[in-house]
Amino acid sequence: MKKCIKDIKIKNKTVIIRCDFNVPLKNGKIMDNTRIVKSLETIKYSIKENAKIILLSHLGRVKTEEDKKDKSLKPVAKELEKLLNQKVVFVEATRGDQVEEKVRALKPGEVLLLENTRFEDIEGKCESGNDQELGAYWASLADVFVNDAFGTAHRAHASNVGIASNIKISCIGFLIEKELIALEELNRPDKPFIVILGGSKVGDKIGVIENIVEKADKILIGGGMAFTFLKAEGYEIGNSLCDSEHLSFCEKMTTKYPEKIILPVDVKVTSEFSNDTPLVEKDIDELDFNDMGLDIGTNTVEVFKNYLKDAALVLWNGPLGVYEFENYKQGTDQILNTLADSKIKTILGGGDIVAAAQNANVADKIYHISTGGGATLEYLEGKALPGIEAIK
Ligand code: AMP
């Protein structure tokens with residue numbers, strides 16, 4: 001495990017913290033401040049330790065001068081002030097005299113936020129392209145670099161890898177530490193270890209399946225991706241989602257791991273991708289050419305629950321049906337509730353299953369919700385995350 005901020009002396013030092021303040025904004029208003037709230041632990045700790053604090057973050061994608069208008073971090077500075085109950089100095093620049101002057105003026109316990117790091121992408125993608133000069137410049141402003149932005153850890157940007165490579169002391173913040181502690185449990189999983197996979201495309205999950213199949217005791221497959229597996233097994237799947245390019249991968253997996261890979265035994269089908277067309281439940285060998293399966297069926301929920309009842313650790317990526325439609329969210333919700341009401345350590349990773357857990361109001365009863373999106377997926381695929389590797 002990389003060193004955490006609490007393992008490093010930061011008293012009276014200048015720390016530059018890469019946060020994830022990538023919040024949804026509408027007309028300059030923050031629609032959801034969760035990411036800012038989650039960053040507070042590391043920032044408050046630095047304040048308490050009397051460090052001089054420089055904060056960096058990206059916000060959305062910035063390709064043109066026009067994009068800058070609604071991508072400023074100014075509203076984040078205001079929100080931070082409220083949450084910290086202290087002044088946050090906002091600098092409308094990412095480098096230059098103004099930045100250096102404000103950094104020099106910082107006193108212990110004071111907080112400074114620089115403008116959106118991606119403003120540096122307009123001329124030559126300096127941030128996203130990890131421009132050496134930019135990383136070295138940001139590093140020159142501080143004594144210690146703290147990376148606390150897990151969501152961008154799978155990318156080598158100037159504001160993570162660039163700074164870490166140009167500064168003597170670097171570490172992770174509390175948010176990344178929590179993510180790594182939970183995700184590292186998957187490397188030496190408590191047994192039985194059950195993986196639940198859903199979502200739309202098999203193609204997006206191949207890396208995860210390959211990396212996890214040997215460690216998992218069972219892989220329960222639902223969602224759109226189950227139909228490609230079912231088709232590979234010779235079932236009629238009608239108009240259900242099929243990722244034809246990956247049929248042979250599915251066949252290879254079910255042949256090699258027949259006891260491990262568990263597919264639905266029944267599904268909810270309808271005629272169109274809609275919440276409003278009539279639905280029926282059918283056993284998996286009863287589908288017609290015009291059926292479209294949009295959720296796992298009642299018997300499958302029971303089969304899955306049965307595998308889960310003795311589980312010690314569960315990893316879940318991707319919903320088991322079209323959870324955005326009222327009629328097709330039951331499978332996902334029932335399994336989510338079963339896990340939330342149990343003592344099983346459940347780790348949810350990837351955007352859609354996290355959103356489903358929030359919609360079902362069970363998020364706070366789940367052991368760990370990994371919010372890293374792409375970074376979580378790459379971790380689950382067994383890939384190294386450059387933003388974390390670069391920490392010394
Ligand atoms: P992913 O990003 O691969 O995790 O996919 C998430 C999406 O899969 C969600 O938007 C779900 O609506 C969709 N999904 C889940 N089950 C099905 C299904 N049976 N047919 C079509 N889409 C599905």
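Ligands, DNA and RNA left out, the 1.4 Å accessible surface of the chain is 47% carbon and sulfur atoms. Stretching the chain fully between Lys26 and Lys252 yields a gain of 76.7 nm (0.36 nm per residue, less the alpha carbon separation). Taking every DSSP helix (H) stretch of at least 4 residues in the chain, weighting each as -39,500 (n - 2.57) and dividing the sum by the residue count yields a mean residue ellipticity at 222 nm of -9000 deg cm²/dmol.
Here the calculated FRET efficiency for Ala384 and Glu286, from their Cβ-Cβ distance with R0 = 45 Å, stands at 0.50, rounded to the nearest 0.05. The accessible area of Ser274, taken with all protein chains in place and a 1.4 Å probe, comes to roughly 20 Å².
Excluding ligands, DNA and RNA, what is the solvent-accessible area per residue of the chain at a probe of 1.4 Å, expressed in Å²?
Values: 17400 Å² over 392 residues.
About 44 Å² of surface per residue is accessible.
Taking the Cα atoms only, what angle lies between the long axis of helix 247-256 and the longest principal axis of the chain, rounded to 10 degrees? Compared with the principal axis, the helix lies near 80 degrees. A simple spin-label model places the labels of Lys68 and Lys9 4.1 nm from each other, with each point 7 Å out along Cα-to-Cβ. Note on Lys9: aspartates and glutamates with a C-alpha under 12 Å away, same-chain residues under 8 apart excluded, are Glu49, Asp143.
With the convex hull drawn around the C-alpha atoms of region 248-327, the volume per residue stands at 130 Å³. The lysine pair count for region 77-207, using Cα distances under 20 Å and pairs eight or more places apart or on different chains, is 6. Label 7 Å along Cα→Cβ of Leu84; region 143-164 residues with amide nitrogen under 17 Å? Counting only backbone N, you get 143-149. Of Leu241, Leu73, the order by accessible heavy-atom surface (1.4 Å probe, DNA, RNA and ligands excluded), from most exposed downward, is Leu241, Leu73. Divide the volume of the convex hull around the Cα atoms of the chain by the residue count and you get 149 Å³ per residue. Sequence-distant contacts, meaning Cα pairs under 8 Å at least 6 residues apart, place the relative contact order of the chain at 15 percent. Please determine, in degrees from 0 to 90 and to the nearest 10, the orientation of helix 74-84 with respect to the longest principal axis defined by the Cα atoms of the chain, where the helix direction is its Cα long axis. It works out to around 90 degrees. Shown for region 309-362 is the translational diffusion coefficient from the Stokes-Einstein equation, using the Kirkwood radius over Cα pairs, a temperature of 10 °C and a viscosity of 1.306 mPa s: 142 µm²/s. Stretched out straight at 0.36 nm per residue, the stretch from Ile181 to Lys392 would grow longer than its current Cα-Cα span by 74.2 nm. Fully extending the segment from Asp341 to Glu92, taken as 0.36 nm per residue of separation minus the present Cα-Cα distance, adds 84.9 nm. Give me the angle, in degrees from 0 to 90, between the Cα long axis of helix 34-48 and the longest principal axis of the Cα atoms of the chain, rounded to the nearest 10. Relative to the chain, helix 34-48 is tipped by roughly 40 degrees.
The values are calculated or read from the model by the stated rules, or taken from the named source; none is laboratory data. Everything numeric here is computed off the predicted structure, so don't read it as measured data. FYI the Cβ positions are ideal-geometry reconstructions off the backbone, even for glycines, and counts take in every protein chain you see. SASA here: full protein model, heavy atoms, side chains in, ligands and nucleic acids out. Shrake-Rupley method; radii C 1.70, N 1.55, O 1.52, S 1.80 Å.
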